[in-house]
Amino acid sequence: MPPARLTGSVGLEASGYSDEVVKWMREHGVRVFSRVRLRLSDGVELRGIVMPRPRVGDREVLVLKLDNGYNVGVHVSRVADVDVLGEYAATLEGKPGATAKVGEGLPRVHFLGTGGTIASRVDYVTGAVYPYFSAEEIYSMIPELEEIAVISAETLFSIFSEDMTPSHWSQLAQHVKKVFETEAPAGIVVAHGTDTMHYSAAALAFAARKLPGPVVFTGAQRSSDRPSSDAAVNVIGATLVAAQAPFAESVIAMHGSPDDRVVLAHRGVRARKMHSSRRDAFMSINSLPLARVDVVSRELKVLLGEYKPRSDEVEVHPRFSDKVALVKFYPGMPGDVLEFYGERGYRGLVLEGTGLGHVRSELIEVVRKLVKDGVVVVMTTQCLWGRVNMNVYRTGVELLEAGVVPAEDMLPETAFAKLSWILGQTEDVEEAKRLFRENLAYETSKRTEYITYPGAMWWEHAIRTPAQG
Amino acid sequence: MPGAELPRIKCGLEIHQMLDTAEKLFCSCPTKLTQEPGEIKIWRRLRLAKSEMGEVDPAALFEYEKGVSYLYECYNPTTCLVEMDEEPPHELNREALELAIKFALMVGAHVFDEIHVMRKIVIDGSNTTGFQRTVLVAVGGSIKVGDKIVPIQTICLEEDAARKISEDKSTRTITYRLDRFGAPLIEVATAPVISSPEEAREVALRIGLLLRSLGRVKRELGSIRQDLNISVEGGAKIEVKGVQYLDLIPKVVAYEALRQRSLLEIRDELARRGVTREALEFKPVDVTHVFAETKSRIAKQAISAGGVAMALRLPGFKGLLGREIQPGRRLGTELADRARYWAEVGGLFHSDELPGYGITEREVEEVRKVLGCGDLDAFILVFESREKAEEALRAAWERALEALQGVPEETRAANPDGTTRYMRPRPGSARMYPETDVRPIRITREWLEKLQRELPEPPEKTLERLVEKYSLPQDMAWKLFDTQQLYLFEELVEKTGAPPLLVASTLTNTLVSLRREGVPVENITEEHLSSVLAQVARGTMAKEAIPDVLKLLATNPAMTVEEALRSLGGSLSEEEVRRIVREIVAENSEYIRERGERAFGRIMGLVMEKVRGRADGKLVSEIVREELRKFTS
């Protein structure tokens, strides 16, 4: 998520304070970022800078950044006297870093910003965080890149990743096409918020049929304003993939463990954010990662035998339908939840069913009607790991008869992106179903491999830990 | 070291007290340390934008620029994702916050209406995040020490750093253990108004007692760390870190005052000798050839390993490098400290200590000749690889330049004898910005009023109460107060049921005499004391055995009290004591017949020689009296 952006002047109305406090500030000539000396009713004297109020908490409490660096809150009713000593202009001291010394003959990598911050600076006087996104700024924050690639950078969107829509996927796909056609970089790095990164990466995998180089999504699980941010290591890993990988697929490059060493490149269509906070939140489900990058030795190792190689052509079909829904089944789910989508003109429905691909029997008739009305209904499993198989139980068989398309071992989010893309390409329901069953971007596989499920590997490792206590 | 000889001192204290809360400051892990190495290891690096590093600790920056990496050892029961910086912090621990607020109320400080968690940039790796989370809870307030009011400047609540376990120079990897990281600390800073070594101890004592009166604070060794800011007139503000013993404080203050005065005298002497910055050039000279045939082991070893002998002339420094500035420490030691720190060399020689260390008079003369040393000139000498040798001489030379100015501002660490050594340069002002993952907390009047009603009894009141309740002699009670053991005393009496006087004398006399004997009493835990005293109270151990048992426990910390008793021969039953008494009475029958019951003293002495530590003295004397009566009647 992009951090709050503060500019040099914050008006009193936007300061976050209550009308009372704003009135008091006006009366005393106090502005946001004024340097003041406060005398409190108990005689204590404080010196510091008046800060804008965080959006939470008591709006009557004045936030002061003291000369020792601490922020403190003083209820305005306790201020006996105030002197304004000056105004602080929130400007950053100096320009970031010296000019980059980029190595000659290096591959070119283009950075696209969508809102995830991969570099930022903190103004320690105000505590404001400023995102970085020019090539010079990225080099100054991550000097290792000078030895890896000649980078260029531009910002496409500045939005939270949870605000991404299929329409943004279309714009992103179009832009990727344009960049490869006009600038011919070795690869593209997309800085993206992590929450929905796997949706966007899957979407791009379907839209981009042929590319000269990979599109590598990356981001940070720890914000880039802290010294321990994972952003730099992820960006180095992503840039190495963009510059050197033999494949030209849409992938996610993020930490492979809590160590600052290994970055994994997951196929967008196989990746899922499996942890809300860890650096290694992303996992490939039902597949190994496509590649492993050692950021320290800068070695890239491809882990899967088959991939889309770099192509001489650029073929991108950027349209996505926004009339597709992803719906998770839950015990007791009533039929009208599904009927709603039919009534609202949805053309595709990805069901996240239980186990091998089930919903309660009461819903079967609703599904049958949706299919009859021309809605493409596909079935994935909320187990995530494993494959749907609708022949085993009667419910499954009946759902198949009702016209549900099983999504095999495809992730629900991937099925959602795939169906959204397919319905952006064709109006023909049968053609859409045919395309859905095809393996377009390695989003499914026929074999379900033992080694891709962490189950036993996890607990066998964990019980080596002595008992809690 | 009489105070009258000391220059005028200005000293302030910064006291860090670990809290004994159930949970850490920003997560629910226990505040318990583990001895086992971590079972999970995480390898990390930290980074900062170059433009932001201007004011961070230059030493940490130096490390950082060399590409240092950190290995964090974690242990599942005491470390969760928050300490690993794999999860945002949880809400601030209210128990810890209430303790900090209570302390603030006890000293009459101004508690803020809203507190904000800040991130203080720390790039030495001791915090996985690269910053320490810290909250300013209150400012102002004061404590009274004698007739003096000592103002309190700030009261903060902050998370403790990780424990450094080891450092691998070859891979530039520092290993930290995360068990302590995130435990809550209260930091109390006083104004720099302390003017004597004894007063510094007194202020630390009073603040320490107030903290202990809160109840939920840790008391084991290392749970309170005292940093001292010391300056003398004309000197510089020196921060001395990590003084763990109260009794070390006056020594550190006095020795630091002496050091600063000596450095000022050296400065004046250098000025008299006309030494200027310009004259003090950095021109290191390779003098390896002088040591071609040397007998010095250090020189031989370094040179045969491909190293060089490198020397630097310090004009006008003769006799000053060898001048003592603190007991056992010279200006030359300060130069060597710097060389060790910045260049990681083993040692640095200076001409005031040569010939010596196998370096001969002739070799010294030869070096002086090569360097062109005049009568008042000194030199420094190092045996190392060329690169390191130059780095070492440069670091030492920079310290020599500072000698022209007097006292350099720096952070020093306390040695066990109260002297101090160079630790790192003084960091610039802290880089702080808000911890946006934790919401500010409103502290309402009602909450403050509630806490005000729950304040603990002030330590002075506790002292009075205990004197009365347990009829403690004044001097013994004062000793308990003065060694901050008042609260431990009360707990031990209540928990073990041992006689209060015995508990008091164990804490004040026994432990002190054991320490004087050189017994490592810091290994004796509160649990040890409690179970020893409980054994005595139950009658399963003689009180005379206390010193021996404690001595054994101090030297074998893994031993239980039962094991210690067993290995000391256990305690004697009444029957066994009686048997011994009868034997001794029989052996001394002549003497007893002559003296009658007045023989008691001698017989008692003889018996005690045999049973000391294994039988209660009161019981022994009863039996001796009985047996004497029987024998003479």
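Annotations
- Rolling a 1.4 Å probe over the protein heavy atoms gives chain A an accessible area of 42 Å² per residue.
- Along its principal axes, region B:488-549 has C-alpha extents of 29, 21, 19 angstrom, given from the largest down.
- Formal net charge of residues neighbouring B:V290 (Cβ-Cβ distance under 15 Å; K, R +1; D, E -1): 0
- The charge dipole of chain A, taken about its Cα centre with unit charges on the Cβ of Lys, Arg, Asp and Glu (plus for the first two, minus for the last two), comes to roughly 420 debye.
- Note on A:K308: aspartates and glutamates with a C-alpha under 13 Å away, same-chain residues under 8 apart excluded, are A:E249, A:E443.
- In percent, rounded to a whole number, the relative contact order of chain B is 14, using alpha-carbon pairs under 8 Å and six or more apart.
- Cα long-axis angle, helix B:546-555 against chain B (0 to 90 degrees, to the nearest 10): 30 degrees
- Debye intensity ratio in log₁₀ form over the Cα atoms of the protein assembly as shown, taken at each q of 0.07, 0.09, 0.10 Å⁻¹: -0.86, -1.20, -1.33
- Restricting attention to chain A, close to 60% of DSSP beta bridges with both partner residues there are antiparallel.
- Quarter of Cα convex hull surface for region B:457-582, i.e. mean projection, nm²: 8.6 nm²
- Members of region B:425-450 that become less accessible by 20 Å² or more once partner protein chains are added (1.4 angstrom probe, chain alone as reference): B:R431, B:M432, B:Y433, B:P434, B:R439, B:P440, B:R442, B:R445
- Across all directions, the average projected area of the convex hull around the alpha carbons of chain B is 36.7 nm².
- Computed over chain A: relative contact order in percent, which uses C-alpha pairs under 8 Å that are six or more apart: 11 percent
- Per-residue ellipticity at 222 nm, computed for chain B from helices alone with -39500 (n - 2.57) per DSSP H run of at least four residues, works out to -12000 deg cm²/dmol.
- Base-10 log of normalised Debye intensity for region A:388-434 (one unit scatterer per alpha-carbon) at q = 0.14, 0.15 Å⁻¹: -0.40, -0.46
- By definition, a body whose alpha carbon gyration tensor gives a ≥ b ≥ c is prolate when a/c is 1.5 or more and a/b is larger than b/c, and region B:197-291 fits this prolate description.
- Straight Cα distances below 23 angstrom link B:K369 to the lysines B:K283, B:K295, B:K300, B:K318, with same-chain residues fewer than 8 positions distant left out.
- Local charge for B:E526 was computed over the other residues whose Cβ lies under 14 Å away, with Lys and Arg +1 and Asp and Glu -1, and equals -3.
- Cα pair distances exceeding 13 angstrom across region B:62-117, given as percent: 76 percent
- Hydrodynamic radius by Kirkwood, which averages 1/r over all alpha carbon pairs of region B:59-208, in angstrom: 17.4 Å
- For region A:103-232: rounded, prolate or oblate by the Cα gyration tensor [a/c cutoff 1.5]: oblate
- The equivalent ellipsoid that matches the C-alpha gyration tensor of region A:213-305 spans semi-axes of 19, 15, 11 angstrom, in descending order.
- Gyration tensor verdict on chain A (Cα atoms; rounded if a/c is under 1.5, prolate if a/b is larger than b/c, oblate otherwise): prolate
- Of all DSSP-defined beta bridges confined to the protein assembly as shown, some 75% are antiparallel rather than parallel.
- Using a probe of 1.4 angstrom and keeping all protein chains present, the accessible surface of region B:111-230 works out to 27 square angstrom per residue.
- Of every Cα-Cα pair in region A:14-90, the percent that sits beyond 22 Å: 11 percent
- Along each principal axis, Cα extent of region B:316-436, largest first, Å: 66, 33, 27
- Residues along region B:77-117 losing 10 Å² or more of accessible surface when the other protein chains are present rather than the chain by itself (probe 1.4 Å): B:P77, B:L81, B:D85, B:E86, B:E87, B:P88, B:H110, B:F112, B:D113, B:E114, B:H116
- Crossing angle, helix B:361-371 versus chain B [Cα axis fit, 0-90 degrees, rounded to tens]: 40 degrees
- Quotient of C-alpha Rg and 2.2 N^0.38 Å, computed over region B:267-306: 1.84
- Legend: distances between Cα atoms for B:K148/B:K237; B:K543/B:K630; B:K218/B:K241; B:K148/B:K218; pairs beyond 24 Å are B:K543/B:K630; B:K148/B:K218.
- Other residues with beta-carbon under 11 Å from the beta-carbon of B:Q535 carry, at +1 per Lys or Arg and -1 per Asp or Glu, a net charge of +1.
- For A:K369, the lysines whose Cα falls under 21 Å of its own Cα, not counting residues fewer than eight places away in the same chain, are A:K323, A:K328, A:K433.
- Accessible surface of the protein assembly as shown, 1.4 Å probe, proportion on carbon and sulfur as whole %: 49 percent
- Normalised by the number of residues in region A:355-464, the mean separation of alpha-carbon contacts (under 8 Å, six or more apart) gives a relative contact order of 25 percent.
- Angle in degrees between helix B:386-405 and the longest Cα principal axis of chain B, rounded to the nearest 10: 80 degrees
- Of the cross-linked pairs B:K120/B:K388; B:K251/B:K388; A:K301/A:K418; B:K41/B:K120, those separated by over 31 Å at the C-alpha level are B:K120/B:K388; B:K251/B:K388.
- Per residue of peptide A:229-241, the mean number of Cβ atoms on other chains within 10 Å of the residue Cβ is 1.
- Area of B:E562 that stays accessible when all protein chains are in place (1.4 Å probe, Å², to 10): 90 Å²
- Reciprocal mean inverse distance between Cα atoms of region B:128-181 - Kirkwood radius, Å: 14.4 Å
- With a 1.4 angstrom probe, the accessible area lost at the A-B interface totals about 4600 Å².
The values are calculated or read from the model by the stated rules, or taken from the named source; none is laboratory data. Predicted model only: the values in this text are computed from it and were never measured. Counting neighbours? That spans all protein chains shown, and the Cβs are built from the backbone with ideal geometry, glycine included. For the accessible areas, the whole protein counts, side chains as well, though only heavy atoms, and no ligand, DNA or RNA atoms are used. Shrake-Rupley method; radii C 1.70, N 1.55, O 1.52, S 1.80 Å.
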